[in-house]
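No value in this document is a laboratory result; all are computed from the given coordinates. On a predicted model such as this, the values are computed, not experimentally measured, just so you know. Because the Cβ atoms are built from the backbone with ideal geometry, glycine has one as well, and the counts that use them run over all protein chains shown.
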Amino acid sequence: MVRLAWLGAVLAACTGAAAGAGCTEEITWDQSSWWQDPNTYPPMAAGDAYVLVTNSGDDTLTWLDLDTLEVVFAEPIGRLPPEREGVHHGAAAKDGSAYFVGLTNILHGRAAGNSLPDGTGRVDVSFGKVRCRFLGEIRAGDEVEVLIRPENISVSLSSPDVVENAWQAAVDQVTFLGECQDCNVKIQDESLRIRVHPALELKPGQKVYLETNPHRCSAILSQ
């Protein structure tokens, strides 16, 4: 109903401005038409149970039969093809009627040293060093993957007053989602996904500064 009301408001504005602004394009909205889901889901019955597995390597979600652990279905997640982001973690509604999947940036690198006393460590990635939490037995020289969720990256237009976990980036793509802007930015050849408040009004090609708290990103051993 909100979508139809919004489209109605656009049509009304266009109609009202037609005489003065020359708005001549006619827009037809079929009220029986809804967003289409391209996935073909397997038949389900009451009492069926599944295990959902997120696959960051190819941006898919796999459904496993709870009794046999056989794969019954796989579906793509997100609007972008596999890149340096991936599906990461998930949660099901308590009544089993829905599931929710998050996205995270994945950076491949190598541990620059052992874990520090606070549980963090430094990782060499393509554009420099990232300080993050070390999860598991990570030692100097180990190949790791650094996980940084888009909402844990702070964005500013001026250089931050920190020396670690701060980088200059260039805005690549911007998608307005209402409550936030979903953006792709590039640090050298590395692409990251970020989410920022729409008041920042980012534009492709714009230079920005990124910052992340070492305790809000993690490193795990590469598999």
Zone reached by a paramagnetic label modelled 7 Å from Asp124 Cα along Cα→Cβ, restricted to the stretch 135-151 with backbone N below 18 Å, covers 138-146
Fewest-first ordering of Val163, Val71, Val196, Val53 by Cβ atoms within 10 Å yields Val163, Val71, Val53, Val196
quick note, the stretch 119-223, DSSP beta bridge pairs, % antiparallel (nearest 5) is 95
If amide H atoms are modeled at 1.01 Å from N in the peptide plane, then the residues at a separation of 5 or more from Cys217, or on another chain, having amide H under 5 Å from its own are Arg133
For 42-48, 103-109, 167-173, ranked highest to lowest by mean beta-carbon neighbours within 10 Å, the order is 103-109, 167-173, 42-48
Cα-based Rg and Dmax for the stretch 105-221, in Å, come out at 14.4, 43
